[in-house]
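A.B. asks: So that we are looking at the same thing, I have put the structure below in structure tokens.
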Amino acid sequence: QVQLVESGGGLVQPGGSLRLSCAASGFTSSIYTMAWYRQAPGKQRELVARVTYGGTTYYADSVKGRFTISRDNAKKTVDLQMNTLKPEDTAVYYCNWKLGSNDYWGRGTQVTVSS
């Protein structure tokens, strides 16, 4: 059974940092494109960052220079290092693996940025 499990969310003050991790199980390979999405209350889910199997990255303009996505193909994990967090980063963060029509999601982890 394919499963993605996120961890690392929590409450942090503005300007602080968090590191999210996503662990995969049940996958026979790691050649998927891995990504982090987020969804704030009342808003649509949006792409935060993405990394291909070859290591090409993409970041939403709102997080460029503050967030870093990384993957470990051997361990089948993808992390999101989030620095200089802002209240507008508050959302549920979801891990996503995609390869062609195969599209898998984790259940999400809550990140709250508040003083």
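A.B. asks: In terms of modelled amide H atoms, which long-range or inter-chain residues lie less than 5 Å from the amide H of Phe27?
C.D. replies: Distant-sequence amide H within range of Phe27: Gln3.
A.B. asks: Taking trypsin sites (Lys or Arg not before Pro) as candidate sites, keep only those in a DSSP loop with at most 16 other Cβ atoms within 10 Å, then name the longest stretch of the chain containing none of them. Mind dumping the intermediate values first?
C.D. replies: Working: sites that count: Lys43, Arg45, Lys64, Arg66, Lys75, Arg107.
Value returned for the longest uninterrupted segment is 1-42.
A.B. asks: With the crude spin-label approximation of a point 7 Å out along Cα→Cβ, what separation in nm comes out for Gln110 versus Ala60?
C.D. replies: Between Gln110 and Ala60, the simple spin-label model gives 1.9 nm.
A.B. asks: Using the Karplus curve 6.51 cos²θ - 1.76 cosθ + 1.60 with θ = phi - 60°, what ³J(HN,Hα) values do you get for each residue of the range 104-115, in whole Hz, with x for Gly and Pro?
C.D. replies: Going residue by residue, I get 10, 10, x, 8, x, 9, 7, 10, 10, 10, 7, 8 Hz, with x marking Gly and Pro.
A.B. asks: Sticking with this structure for a sec: With springs only between Cα atoms under 10 Å apart, run a GNM on the chain and tell me which of Pro41, Pro14, Pro87 wobbles the most.
C.D. replies: Pro41
A.B. asks: Where is the GNM fluctuation largest for the chain (alpha-carbon springs, 10 angstrom cutoff): Gly42, Gly26, Gly55?
C.D. replies: Gly42
A.B. asks: Work out the count of Lys pairs in the chain where the Cα-Cα distance is under 19 Å, with the pair 8 or more places apart or on different chains.
C.D. replies: Working: Lys43/Lys86; Lys64/Lys86; Lys75/Lys98; Lys76/Lys98.
Lysine pairs, 8 or more places apart or on different chains, close enough: 4.
A.B. asks: With no solvent and one equal point scatterer placed on each C-alpha of the range 16-94, evaluate the Debye formula and give log10 I(q)/I(0) for q = 0.15, 0.25 Å⁻¹, two decimals.
C.D. replies: -0.52, -1.25
A.B. asks: Moving on. Could you please report the charge total around Leu80, scoring K, R as +1 and D, E as -1 over all other residues with beta-carbon less than 14 angstrom from its beta-carbon?
C.D. replies: Values: positive: Arg19, Arg38, Arg50, Lys64, Arg66, Arg71; negative: Glu6, Glu46, Asp72, Asp79, Asp89.
My count for the surroundings of Leu80 gives +1.
A.B. asks: On to the next question. Where the centre of each part is set by its Cα atoms, how far does the range 1-20 sit from the range 49-76, in angstrom?
C.D. replies: Value for the Cα centre distance between the two parts: 15 Å.
A.B. asks: Give me the percent of the accessible area of the range 1-90 that comes from carbon and sulfur atoms, probe 1.4 Å, all protein chains in place.
C.D. replies: Details: 2290 of 4890 Å².
Carbon with sulfur: 47 percent of the solvent-accessible area.
The values are calculated or read from the model by the stated rules, or taken from the named source; none is laboratory data. Keep in mind that this is a model prediction, so the values were computed, not measured. Positions of Cβ are generated from backbone atoms using ideal geometry, with glycine treated the same way; all protein chains shown enter the neighbour counts. Only protein heavy atoms, including side chains, enter the accessible area calculation; ligands, DNA and RNA are left aside. Shrake-Rupley method; radii C 1.70, N 1.55, O 1.52, S 1.80 Å.
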